[in-house]
Amino acid sequence: MSKKSSIIYLADLKARPFGNSDKLAHQFPAAGLFDRRHHFLYNSNIRELAVYATFINKLSLRSASSRRRARASVCFSLIKVDDGVIVSERGFDMSMAGGEAVCGLRVDLPLEHITVETSCPYRLMVEIDGVEQSVGFELCFFSASEFGLPPTRWFYPLSGGVMAPEFQGDRLVRSLGDFDGDSAVICFRLENKLPRGLKVMPELEVSLTNPLGRTETNLVEVFFGEPVSGMSSDGSVCSVMTRMEMFPGLKGYYYAELRCMGYPIAAFLFSNAGGMVGGQWTKKELTPIIAYSPEAGERRFLHLLEKLARRRPSDPKSHRLLRIA
C-alpha cells in the first residue's frame, strides 16, 4: 500500500553545531547564522547540532486563498555513515496555514550525550511522512587538537591564479585583463599538512567579491594533483578549482579568497580590465586581507604590480600596471 502524498516538502536544509557560549545558543531561530558548509570544527564544548529547514506548502502554490491547513509528521536524524546508527533524532508534527507558502523551522539535535567521532562521515536526514525518499546531506566534524594544528595551517598556500573557462591547457594567470566573460575559474595550489588516509578531507570554500563588494561563495573539494593539468601528486600537493560567476559589464578588481572551516587561508586579486598579468601569485602574495573592502583590494593589487615591475623591469610583456577607469 503506497503512502499518501505529502502537501509539505523540504526546499532547503542547513546545519551548524554550537555550544553554550555560541550565538546560536542565545538567538533563535537565527537563520542568518547558517551557511552552506557541511564540515565543522568540533570540541568538547559543542552541545547540539542546529538544523534550519525551509518547507514549501503545496496548497498555497495551488491557491493562495486556501484555508485548509497543511500538516505532516517530520523527523530529523543524524546518522553515522559507517554503520548506519542513528546518533541523534527528533520528530514532531508540522502545521502550515493554507495561505502560508514558505515556513522556516529550526530544530536542535542533542550531541552532548553521544561520542562524536571526528574525521568520520555522518548524514543529516529529513523524513516527511508521505514522501517516499528522505532528503539530506553528508556532514563531518573535525578536531584541531587531533591534528595538532589550527585550521589556518591544515593547508599551506603555494600559488594561485585565474583563467577564463574557455582556455585550454595550463593558462592560469595573475589577472585576466580586458575580459567580458560571465565567469572565471579560480584555482589555488596547496601543500597538505593533514595526515594521509583520512576518511574525509575537509571541504574548503572559495569566495569571490566583485568590485561593488558583493560576495558569492562555492564549496570545493580538495583533489590531490596539479591544478588545470590534473597530474597526480604524492599526497602532499593538492589543489582546488571552481568556476565563479562574474558580471561582464562590471569592470574592476575581483577578490578571490580561500577559507578552511570558515577561516581565510589564502587570497588574491585580479581584474577584468586593462592588461593581462601573466604567471601565478606566489605564496608570499596570497595573504588574505582582513576586513576586505574594494578600496583595500585596489591598493593591494596595484602595490603587488609595482613590486612585480621592480622585480622584472627587463620583461615589459610579463606584466602591465592595470589602471581602471
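We did not get these values from a lab; they are worked out from the coordinates using the rules stated. It should be emphasised that the depicted structure is a prediction, and the values quoted were computed from it without experimental measurement. When we count neighbours, we look across all protein chains shown, and the Cβ atoms used for this are built from the backbone with ideal geometry, even at glycine.
Site pair HIS303 and ARG171 shows an inter-label distance of 3.2 nm when each label is modelled 7 Å from Cα along Cα→Cβ.
Among TYR255, TYR42, sorting on how many other beta-carbon atoms sit within 10 Å of each Cβ, with the fewest leading, yields TYR42, TYR255.
Listing ILE7, ILE86, ILE265 from fewest to most neighbouring C-beta atoms within 10 Å gives ILE86, ILE7, ILE265. Result for the chain in a Gaussian network model with C-alpha springs under 10 Å: among GLY213, GLY177, GLY32, the largest mean-square fluctuation is at GLY32.
A compact globular protein would have a Cα radius of gyration near 2.2 N^0.38 Å; the ratio found for the range 8-147 is 1.13. With an a/c value of 1.5 or above and a/b not larger than b/c for the gyration tensor axes a ≥ b ≥ c computed over the alpha-carbon atoms, the range 99-222 is described as oblate. A viscosity of 1.567 mPa s and a temperature of 4 °C, combined with the Kirkwood radius over C-alpha pairs in the Stokes-Einstein formula, give the range 100-165 a diffusion coefficient of 78 µm²/s. Report, to the nearest 10°, how far helix 294-311 tilts away from the longest principal axis of the Cα atoms in the chain, using its own Cα long axis and a range of 0 to 90°. For 294-311 against the chain, the angle is about 30 degrees.
Positive end of the dipole of the chain, charges at C-beta (+1 Lys, Arg; -1 Asp, Glu), about the Cα centre: which of CYS238, LEU308, GLY161 has its Cα farthest in that direction? Farthest along the dipole direction, towards plus: LEU308. With neighbour counts taken as other beta-carbon atoms within 10 Å, the residues PHE179, PHE28, PHE268 rank, fewest first, as PHE28, PHE179, PHE268. Over the chain, all Cα pairs binned in 20 Å intervals from 0 give whole-percent P(r) values of 27, 48, 24, 2, listed from short to long.
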